[in-house]
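Bear in mind that the values in this text are calculations on the coordinates, not laboratory data. Bear in mind that the values here come from a model prediction, so they are computed numbers and not experimental data. Note that each Cβ is placed from the backbone with ideal geometry, even for glycine, and that neighbours are counted across all protein chains shown.
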Amino acid sequence: MEKYLNIFFESYKGYFNYLWREITHFHWENYFYGLIFVSLIVWTLEIIFPWRKNQKIFRKDFWLDTFYMFFNFFLLNLIVLIFLSNATEALFNDLLAKVGFSVESFQVFDVATLPFGIGLLLFFLISDFIQWNTHRLLHRLPFLWNFHKLHHSVKEMGFAAHLRYHWMEPIVYKSLLYIPLAIIGGFDVEAVAIVHFSALAIGHLNHANLGWDYGFLKYIFNNPKMHIWHHARVLPKKAQYGVNFGISLSVWDYLFKTNHIPHDGRDIDLGFEDDQNFPKKFISQILYPLKTKS
């Protein structure tokens, strides 16, 4: 127990110091200013090339989504994720040690032995595929869907909607992502930063008020014209649990037949069944899954 209490205090102390350094010191791998920079670029693109021309620049729930963007990207880490991530890692290692194993003994190979570009691509593909499957679980399991509804409560799509989600979601994503990446191992900080900012930019673009599909690259990368259908209020009868689950890549949806773009979805109704009863305020939205039966 003392070990985990130390992890708790050191996690928060370490992350608070890290966050303060990010805010007060600029550098090229700075997540705080990186989020602002990517957000301003994509928002500018929305303003110059709006797909839904009647949608206001400060669309419905713009400020709520902006709050979620910073809360989930930074404060959420400070409040819960860093400790849980460190505690999960320690617990997993302790459990392995009890049966005479270690994380290193499960490693299939170390990507650090590969050329940087190949290791980076491998990290990106594995991360995205695991997250694609996790995203499907969020739609398939009623318990998880009650948390994921928050993301689908967006009624007017814009870049900041990307990071409107319940704090429970990254716990699920990170938990399912930890073991496969631990088995492979060798990912350095630079690779993590590149993949992280790539996923951030693609995710912002997917949710932006932009009518782009990237031409033939639409079969590889997720895009606004594809992702709008993921948020459609009315789903096809053959896919009642959802479509177009891609995070950064669309290729998984095409490979596993979960793709769905029947026509131009610019003006489709967004949300989910009975979303008119979904809470409109932050605290009520966070508490919603705890008050709702699966």
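Data for the structure
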item	result
Segment 221-236-segment 136-156 distance, computed between alpha-carbon centres (Å)	14 Å
Over segment 118-253, relative contact order from alpha-carbon pairs under 8 Å, at least 6 apart, %	27 percent
Distance in nm between pseudo-label sites at Lys98 and Leu125 (7 Å out along the Cβ direction from Cα)	3.7 nm
Debye-sum result for segment 124-167 in log10 I(q)/I(0), which assumes one identical scatterer on each alpha carbon, at q = 0.16, 0.20, 0.22 Å⁻¹	-0.49, -0.73, -0.83
R0 of 35 Å, Cβ-Cβ distance Thr292-Arg266: FRET efficiency to nearest 0.05	0.65
Distance from segment 193-209 to segment 59-73 (C-alpha centre basis), Å	16 Å
Sorted by Cβ density within 10 Å, fewest first, the residues Thr292, Thr66, Thr113, Thr44	Thr113, Thr44, Thr292, Thr66
Gained length - Trp63 relative to Ala193, 0.36 nm times residue gap less alpha-carbon distance	44.1 nm
Theoretical gain in end-to-end length, Phe143 to Asn54 [0.36 nm per residue, Cα-Cα removed]	28.4 nm
